[in-house]
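The values are calculated or read from the model by the stated rules, or taken from the named source; none is laboratory data. If you're wondering where the values come from, they're calculated on a predicted model, not measured in any experiment. Using ideal geometry, Cβ is built from the backbone for each residue, glycine included, and neighbour counts are taken over all protein chains shown. Accessible surface areas use protein heavy atoms only, side chains included; no ligands, DNA or RNA. Shrake-Rupley method; radii C 1.70, N 1.55, O 1.52, S 1.80 Å.
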Amino acid sequence: MKMITKASKKLIWACAFVSLALCAKADDGHNLWLRPVNAKAVKVTGANPKSATLAIAKKEIEQAWLGTAGATVKLKLVKDPTLKADGFKIAGNTVSATTESGILYGVYEMLRRQQTGNISNVVSNPSYQIRILNHWDNLNGSIERGYAGNSIFWRAGDNAFTVTDADKKRWEEYARANASIGINASVLNNVNASPNMLGEKELARMKAIAAVLRPYGIKTYLAINFASPMRLGGLKTADPLDPEVIKWWKAKVAEVYKLVPDFGGFLVKANSEGQPGPQDFKRTHADGANMLADALKPYKGIVMWRAFVYNAEEKDRAKQAYLEFMPFDGKFRDNVIIQVKNGPIDFQPREPFSPLFGAMKKTPVMPELQITQEYLGHAEQLAFLATMWEELYKSDTYQEGKNSTVARVTDGSIFPQKYTAVAGVSNVGLDTNWTGHDFAQANWYAFGRLAWNNQLKSEDIANEWIKLTFAPTIENKDWNKGFYEPVKKMMLDSREVVVNYSMPLGLHHIFAGNHHYGPGAWYAPRGTRKDWTPPYYHQADENGIGFDRTKTGTDAVDQYHEPLSSEFNNVATTPEIYLLYFHHLSWDYKLKNGQTLWDALCNHWNTGVNQVRQFQVTWDKVQPYVDAERFTRVQEKLRRQTRDAQFWKDANLLYFQQFSKRPFPDNVERPINNLNYYITTDPLSMKPVQQRR
Ligand code: BDP
């Protein structure tokens, strides 16, 4: 009798495990870091039923409460001078804030703390008022630099403007994910903006989107085409000082606010990469931005004016944004904010920070980060970008003395700013898992968490994200050692690994043309703008490699505040991570570790490949702790990353060896093809290409 009981007990346990394992098996990644949990009973008070935002807060608690069963959670709107708008206080089971959105953020924080095992009281205020995603979504549904399917907002075809239930569901899921990490604004369309964005049907659809985002505390913004008065309005000019043009914008802005009374404002890419702008009419960036700012002002709208400008004639692209914008410091209206990419060139795997940070003292400046991995392996490669952004936020500009970090010169800690903001170019698309690569979700997450608190450490963000995203479905003591620790390490190393196999020691922009996936150091088709070709950036010749931006070169170092300017000017004091960004050095230049520059480059490329191989090992070993679906997806991505990292290494070794004329160090794995193969093979499609030289 006893025996049977024991056996049947065993059977019951076995069944339970099998069914749990089956449950855990299919995970398409759609739930992001907001996975369903076994919630306990809870009561919520203070959720005024008239408030859509508080209703969401209540629902979130009810479906994810992991605190004491039967507890009561109090939501409280308070007058508290220590809390900024959106800020919140968690004390025991009470969440208080001065705004409804603040309460919602507090609730998400409380639930996150329960899930990650970090329960404590907290007072939290956001670093930036506006924490905004920039969607480079085109009205036909495609996404510029998007790697996870088409736009969730726009599509082509007969039902382009029909708002379906599926649309609304997706927009709501998107809004919820953003709110859970504190993102409170979205630009719905590409900075390379179609004038049609301001057309009637497009604006009606924006209204529908805004209605879904609003209860989640998210404001809607649009990117505009500066020539809209001509291309959409039929005017003869878009001159910002022309009375008809001013009138046109005022009327358009009034129309927008009639549809969306809490509309946020405009994002503008002007006189950049062929986009129209005020300079087409012999006016300045300030003229253009201020005209739009005046139109938006009565509605409390703002202009985010991008500083991403450069033209082919200048000797050094890195200097141009600073040269163009510094003369206008203090000349912008108080509802204009200048949006500056993290680096002076573009969103490279590594660049020093843009010298505009901290230098514009009378104009608010907002950092623009790229969440979508245009230059870090698209949705094919694992690169956790929190470490890159942490490096940026922590960089000291010295503009107002020591500790004038990029974080502090942009978040209002140092300069009195009416508006503070940070933008991230989104990696979200219609793919089931939103971001293509399961680990790319972590970059969306990290952007939001750092926008909320720009002092957060990458490690803490990784900690939260892993626990929320991969929390074990089966209670497992070994999970920490078996999954959490190795995966965290892999994430924290991953950005540097990409730098290693592609552009170490300050190399930058040596990508294959157009799609920017894989190497193309040789890419310079006849007739192409020089500053769109890699040889412009690496400057390799028989004597050496690197871009001389010192005082005897283009003097870009001069745009940095002392002591940085001198530090970057002197090769001995330049951090080696920026070496070839600031200096043209001989192949035999000795690095701090005693290696020659050539050997060090080869070793970095080689190390990068070995590190990705190690990622494969790490991932294989976590198989017992993760559902089969996500395991396989990531495993496949890592296989491809290894292949492509090797492509980077081999192509770089062979191409640059033509100039260095030096052997590879013995330990470096030899290329598996000849240089011609790499030049004539597209690294994204792996198909033959012609005329890549
Ligand atoms: C570059 C991208 C291009 C964008 C541009 C921008 O390659 O697609 O339009 O940045 O930020 O990095 O405007």
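For a straight C-alpha distance cut-off of 20 angstrom, the aspartates and glutamates reachable from Lys76 (same-chain residues fewer than eight places away being disregarded) are Glu60, Glu62, Asp86, Glu100, Glu109. Every helix of 4 or more DSSP H residues in the chain counts as -39500 (n - 2.57), and over all residues that averages to -12000 deg cm²/dmol at 222 nm.
Give me the percent relative contact order of the chain, please, defined on Cα pairs under 8 angstrom at least 6 residues apart. Taking the mean separation of contacting Cα pairs over the length of the chain, I get 12 percent. Amide H to amide H, with H built 1.01 Å from N, Lys43 comes under 5 Å of Ala71, Thr72, Val73, counting only residues 5 or more places away or on other chains. Along the Cα-to-C-beta direction of Glu576, a point sits 7 Å from the Cα; which residues of region 584-609 have their amide N less than 13 Å from that point? Answer for this model: 589-605. Amide H to amide H, with H built 1.01 Å from N, Ile302 comes under 5 Å of Gly265, Phe266, counting only residues 5 or more places away or on other chains. A convex hull fitted to the Cα coordinates of region 42-103 yields 72 cubic angstrom per residue. Here the chain carries DSSP beta bridges of which approximately 30% are antiparallel, counting only pairs with both residues inside. Taking label positions 7 Å along the Cα-Cβ direction at both Glu459 and Ala41, the computed distance is 4.2 nm, reported to one decimal. Measuring between alpha carbons in the structure, the pairs from Lys207/Lys394; Lys79/Lys362; Lys40/Lys89 lying more than 27 angstrom apart are Lys207/Lys394; Lys79/Lys362. DSSP bridge analysis restricted to region 327-478 gives an antiparallel fraction near 10%, rounded to the nearest 5.
The modelled label-to-label distance between Lys50 and Lys361, using points 7 Å beyond Cα along the C-beta direction, is 4.9 nm. Under 13 Å of direct C-alpha separation, and excluding same-chain neighbours fewer than eight residues apart, Lys592 reaches these aspartates and glutamates: Glu576.
In a fully extended conformation the segment linking Glu273 and Arg613 would gain 118.6 nm over its present Cα-Cα distance, using 0.36 nm per residue. Oblate is the label for region 159-211. Its Cα gyration tensor axes, ordered a ≥ b ≥ c, give a/c of at least 1.5 and b/c at or above a/b.
Close Lys pairs in region 417-506 (alpha-carbon distance under 24 Å; sequence gap of 8 or more, or different chains): 11. Near Ile209, once Lys and Arg are set to +1 and Asp and Glu to -1 for all other residues with Cβ below 10 Å from its Cβ, the sum equals +3.
Within the full protein context, the accessible area of Glu576 is estimated at about 50 Å² for a probe radius of 1.4 Å.
Here the label points at Thr432 and Thr162, each 7 Å from Cα along the C-beta direction, are separated by 2.5 nm in the simple model. Summing charges over all other residues whose Cβ lies under 13 Å from the Cβ of Pro349, with Lys and Arg as +1 and Asp and Glu as -1, gives -3.
Legend: calculated FRET efficiency, Ala204 to Asn543, from the Cβ-Cβ distance at R0 = 45 Å, rounded to 0.05, equals 0.15. Full extension of the segment from Ile119 to Lys551, taken as 0.36 nm per residue of separation minus the current Cα-Cα distance, would add 150.2 nm. With coordinates expressed along the principal axes, the C-alpha atoms belonging to the chain extend over 85, 73, 55 Å, beginning with the largest.
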